[in-house]
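What follows draws every value from the coordinates through simple rules; no lab data is involved. Note that the structure is a prediction, hence the values are computed from the model and not measured. A quick note on method: Cβ atoms are made from the backbone with ideal geometry, for glycine too, and the neighbour counts reach across all protein chains shown.
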Amino acid sequence: MPAPSDPRQNPQSRFDALAQAAAQPSAVAGLREDMARAAVELIDALSAQDDAAAARAVYGRLAAIAAAHAGEPRLRLWQGWAGFRLISGHALPPVREEARAVLDDVDRLAAAHPDQPDLRELLARSLWHHAHNCASERDFAEARSVHARLVALVAAHPSEPRLVADLAESYATLFVFAAEAGDFAAGRALAEEIRALAAAHPNEARAREALATVERVLPRFP
């Protein structure tokens, strides 16, 4: 008869035990952070199984505990990180709706706490990855819509270089997928926007890399 599984080795059991303990009135902040870390590990495991509904449920439990302890900004960061991990792990249309809902929640979280720039960076990364996932499935309409939200975020916070870096990655992603799809008009338009971004942020390495991609690929356009 096999030995019972060790909760420390089972992401679901570990999260359930920590979530139950963290919900107790006597729980300390460190225990809640342990629970948040276990939530991220479980979301990664569920994402690997394409179980987006279960991953979103775990995210919801973490979000509820973070909301109940609004005086603990690190819990909000863990919530943002968990949201990013869920969003980045789901590309296929059947599970994308779950990722879209979490993306909107991370957006609201960042907007509600403008004093935490790390939340904005997690939002930017989430937007970029969701745009990538949509473009990889040839859903260019949603990819462009999500990318536009990232453009607006950077416009509102132009002095935050990490946001600019994520925007450059998103631009490069859309440009490459447009080229691969043969949408050369869209590719040329994106190329001009990438050039403008690189000119406005000459010290941003990822903007220069995006521009280098444009200069390498654009001459192949018919």
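Rounded if a/c is under 1.5, else prolate if a/b is larger than b/c, else oblate: which is segment 139-222, with a ≥ b ≥ c the root eigenvalues of its Cα gyration tensor? Verdict is oblate for segment 139-222.
In the chain, helices alone account for a calculated mean residue ellipticity at 222 nm of -26000 deg cm²/dmol, with every DSSP H run of four or more residues adding -39,500 (n - 2.57). Span-like helix check, the chain: qualifying full DSSP H segments, with Cα axial length of 20 Å or more and mean Kyte-Doolittle of 0.0 or more, are 29-48, 52-68, 140-156, 161-181, 184-200. Sorting Phe177, Phe140 by the number of Cβ atoms found within 10 Å of their own Cβ, with the fewest placed first, yields Phe140, Phe177.
Relative to the Cα centre, the charge distribution of segment 139-222, modelled as +1 at Lys and Arg Cβ and -1 at Asp and Glu Cβ, gives a dipole magnitude of about 180 debye. Centre-to-centre, using Cα atoms only, segment 180-222 and segment 83-152 are separated by 22 Å.
On the beta carbon distance between Glu72 and Glu215, with R0 = 35 Å, the FRET formula returns roughly 0.15.
With the simple spin-label model, which puts each label point 7 Å out from Cα in the Cβ direction, the Ser145 to Ala17 separation comes to 4.3 nm.
Relative contact order of the chain, taken over Cα pairs closer than 8 Å and 6 or more residues apart, is 12 percent. In plain terms, if you count all Cα to Cα distances in the chain and split them into 5 Å steps from zero, the share in each step is 1, 7, 14, 16, 16, 15, 11, 8, 5, 4, 2, 1, 0, 0 percent.
The relative contact order of segment 10-113, computed from alpha carbon pairs under 8 Å that lie at least 6 residues apart in sequence, is 25 percent.
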